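Each value in this text was obtained by applying a stated rule to the coordinates, not by laboratory testing. No experiment lies behind these values; they were computed from the predicted model shown. Because the Cβ atoms are built from the backbone with ideal geometry, glycine has one as well, and the counts that use them run over all protein chains shown.
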């Protein structure tokens with residue numbers, strides 16, 4: 001999803017600042033991505049959240065899916081605002097930190113995340129973000145979060161991977177080596193990686209993370225200690241559990257527990 005300057009096609013060109021929203025906020029980047037073009041491309045995709053942000057992490061463009069999932073009435077309720085204004089503090093701090101990494105030049109690809117929206121059940125997605133550059137300067141970022149779909153049961157590798165997946169589901173609380181998982185499937189490690197991506201859209205390591213985080217989320221509805229939950233879900237210690245949970249869910253386990261029990 002790279003962004004290149006195209007003066008002849010009108011896709012991206014020098015532009016004046018975007019008009020203020022009705023809240024009086026101004027959000028702009030140094031080139032224009034025509035709203036009609038973006039809406040036509042991304043509004044028909046109910047399983048994809050699309051966004052463009054300026055250098056201050058404020059939304060410049062969003063698709064209708066993000067509007068709906070944030071429980072807003074229209075795009076004008078989001079444009080010009082940042083995640084700090086739209087998400088709880090426990091989530092927005094993580095999202096802002098990720099945005100700043102991209103604005104510093106980092107590209108984020110295939111990052112497995114659990115999205116928690118105000119009006120929607122939690123859902124797994126793969127997030128992609130890239131910096132937007134104009135005249136060699138980073139002026140914003142562009143990104144999508146695509147819902148993790150159902151496994152491709154028609155793929156030729158689906159049946160072969162079922163034994164591997166069942167082993168992961170039964171033993172996610174123990175150390176699991178990718179080499180051992182490949183042996184269960186009867187393939188090489190590289191073949192296992194490719195086949196997992198084709199069938200499940202994620203890598204074996206991401207699947208293991210998903211299983212562990214889902215189990216931890218269930219346990220956080222109870223009264224077990226954070227350390228005990230981390231150990232029961234296969235993490236080496238409490239700090240490793242807390243780091244992975246926050247990176248995936250967007251908040252520490254303790255904050256998720258408070259949210260779940262509220």
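Assorted remarks:
- Full-stretch length increase - residue 247, residue 262 - with 0.36 nm per residue and alpha-carbon distance subtracted: 3.2 nm
- Degrees between helix 158-171 axis and first principal axis of the chain (Cα, 0 to 90, nearest 10): 70 degrees
- Per-residue Cβ neighbour rank within 10 angstrom, fewest leading, 125, 233: 125, 233
- The convex hull drawn around the Cα atoms of region 84-143, when projected onto a plane and averaged over every direction, covers 4.4 nm².
- Helix-only mean residue ellipticity at 222 nm for the chain, each DSSP H run of n ≥ 4 adding -39500 (n - 2.57), per residue, nearest 500: -12500 deg cm²/dmol
- Mean projected area (nm²) of the alpha-carbon convex hull when the chain is viewed from all directions: 15.8 nm²
- Extending 7 Å from the Cα toward the beta-carbon at both residue 188 and residue 110 defines two label points whose distance is 1.7 nm.
- Kirkwood radius and radius of gyration were both taken over the C-alpha atoms of region 158-261, and their ratio Rg/Rh is 1.02.
- Inter-probe distance in nm under a simple model that places probes 7 Å from Cα toward Cβ, at residue 227 and residue 93: 2.2 nm
- Stretch gain in nm, segment residue 236-residue 173, where the contour uses 0.36 nm per residue and the Cα spacing is subtracted: 21.7 nm
- Most to least packed among 67-80, 240-253 [average Cβ atoms within 10 Å]: 240-253, 67-80
- Region 158-261: relative contact order in percent, alpha carbon pairs under 8 Å with at least 6 residues between: 23 percent
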